[in-house]
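Right, one structure below, let's go through it.
The values are calculated or read from the model by the stated rules, or taken from the named source; none is laboratory data. Keep in mind that this is a model prediction, so the values were computed, not measured. Cβ placement follows ideal geometry from the backbone for every residue including glycine, while neighbour counts extend to all protein chains displayed.
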Amino acid sequence: MRTLRALAALLSYPTAELLAASGEIRVALDREALLPAAERRALDRLIGELEAGDLYDLQERYGLLFDRTRSLSLHLFEHVHGESRDRGQAMVDLLKLYEETGYSPVASELPDFLPLFLEYASTREPKAAIELIGQPAHVVAALRERLAKRSSPYEAVMAALLALSRARLDEATLAALRAEPDPEPDDLEALDAAWVDQEVTFGPGTAAASCPVDRMTSRLRAAMAE
């Protein structure tokens, strides 16, 4: 699915190559025509801002949003495990899934990096790809809300993913993600505190390991077997 590859590109660190490919991204989105009109228009606004912006300013904005602010991290397991040891095993499982299906991820990125995950999904058949991107839908929904709060054009990518997946969101799971500290990127003290918080848990007596996001790899395996 070229649409998923285009969305992965838009969520990647801005480079001169990415900006030069903006026309190709538009063509990919339009040829498949999978997105509702409102989500497609919102992506155009993001692409337009990337085209019109200064590269260094775009890179600084990206870093402040996704690298400095834990609540906006594009690493999916960050929102479930934090820095706990469980995250390492989840990474191993996801990487093994990639390898079993013949996908070789970029070595410099962790396997739970959302743009990388979308690249992987784009290599699957459409039905399987839609199933894949629905697995982390709760994290995507939380990211969308936080980006909207900051009036960030990157919200458009999260909205597009939710529209494509049509995933049904569980309010209890989403509420647990909403409870994560969400400081602004210029509040250094709050940012430091957020990075040392414990991992998220989902409901009374329920460990993070039982949440839908953490079950992602097992459900992905099931999707691949269909």
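Data table
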item: Residue match in the range 52-63 (condition: aliphatic (A, V, I, L, M) and surrounded by 16 or more Cβ atoms within 10 Å (Cβ to Cβ)); result: yes
item: Residue in the range 34-41 that is acidic (Asp, Glu), surrounded by 15 or more Cβ atoms within 10 Å (Cβ to Cβ) and under 17 Å from residue 152 (Cβ atoms) present; result: yes
item: Sole residue being more than 30 Å from residue 58 (Cβ to Cβ) and out of contact with any Gly (no Cβ under 6 Å at 6 or more places or on another chain), chosen from 175, 160; result: 175
item: Meets criteria (more than 16 Å from the chain's Cα centre (by Cα) and either at pLDDT 95 or above or among the β-branched types (Val, Ile, Thr) (or both)) for residue 44; result: yes
